[in-house]
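Please treat every number below as a calculation from the coordinates, not as lab data. Only a predicted model underlies this, so the values are computations on that prediction, with no experimental measurement involved. Every residue, glycine among them, receives a Cβ derived from its backbone with ideal geometry; neighbour counts consider all protein chains shown.
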Amino acid sequence: MAKERIALYPGSFDPTTLGHLDIIRRGAKLVDRLVVGLAMNTGKSPMFTLEERTEMVAYEVEKISKEVGTIIEVHSFRGLLMHYAEQIGAQVIFRGLRAVTDFDYEFQMVGMNARLNSEIEVAFLMASEKHQFIASRLVKEIGLMGGNVRPFLTPRIAERLATRCREKGGIQR
Ligand code: ADP
């Protein structure tokens, strides 16, 4: 029997956007098992707790997993990305790539990670045209300013974001 192909898709997912879900759907088609890994030590101060971020993405990937027929798991990890990839037996790490903005950072990351374990490939999936400009950071800013975040999120996550923005005393319209 062929070896199970396992991919890790890491990130902060604060919150998960349609861009993330598109990468998950497309990436899931390429492997047998996709692990969405939420980084615990991001250095960023998140709007949603790790538990909230995990629950939100887990809910959304359930449908995708059924549609695509690939096992999709959501876990959180602490420490080095490469160590976590080794731990779960991933052969590949997926990253999404938007226009030129992501390139610099990702290029450097790949270079460093290859030194840690050159057996694990980092594969980039280009953001779809529709999702090119979606970034969690900007979606949060729009939410806090009272803008409409529905074009960028699933209805369930948009609702959660609107609620959080109200709790944080964001502008309401
Ligand atoms: P990180 O803190 O690791 O950048 P993010 O949650 O912001 O975590 O992003 C996780 C991954 O998803 C990254 O590879 C990022 O480039 C990718 N990504 C984020 N938004 C989009 C999008 N709109 N389209 C495609 N990929 C995306």
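Provide ARG78, ARG26 in ascending order of the number of other Cβ atoms located within 10 Å of each residue's Cβ, fewest first.
Numbers: ARG78 9, ARG26 16.
Ascending number of Cβ neighbours within 10 Å: ARG78, ARG26.
Going down the table (LYS29/LYS63; LYS3/LYS63; LYS3/LYS66), which pairs top 20 Å between alpha carbons?
Exceeds cut-off: LYS3/LYS63; LYS3/LYS66.
Treating region 6-129 as a set of equal point scatterers at the Cα positions, no solvent, please give the Debye-formula log₁₀ I(q)/I(0) at q = 0.09, 0.12, 0.13 Å⁻¹.
-0.22, -0.41, -0.48
Would you mind ranking ASP104, ASP22 so that the residue whose beta carbon has the fewest other beta carbons within 10 Å leads the list?
Listing ASP104, ASP22 from fewest to most nearby Cβ atoms yields ASP104, ASP22.
Run the numbers for LEU116 and LEU50: contour at 0.36 nm per residue of separation, minus the present Cα-Cα distance, in nm. Please report the intermediate quantities before stating the final value.
Numbers: separation 66, 0.36 × 66 = 23.76 nm, distance 2.63 nm.
Difference between extended and current length: 21.1 nm.
Once you charge only the Cβ atoms, +1 for Lys and Arg and -1 for Asp and Glu, what is the size of the charge dipole of the chain about its Cα centre, to the nearest 20 debye?
Charge dipole, the chain, about its Cα centre: 460 debye, nearest 20.
Among ILE64, ILE24, ILE88, rank each residue by its count of other Cβ atoms within 10 Å, from fewest to most, as a rough exposure measure.
In order of increasing Cβ crowding within 10 Å: ILE88, ILE64, ILE24.
Need the C-alpha centroid separation for region 113-169 versus region 40-99, integer Å.
Cα centres, region 113-169 to region 40-99: 13 Å.
Provide the packing ranking of 50-63, 113-126, i.e. peptides ordered by the mean count of other C-beta atoms within 10 Å per residue, highest first.
Working: 50-63: 17.3, 113-126: 13.8.
Highest mean packing first, the order is 50-63, 113-126.
Give me the percent relative contact order of the chain, please, defined on Cα pairs under 8 angstrom at least 6 residues apart.
Contact order relative to length: 27 percent.
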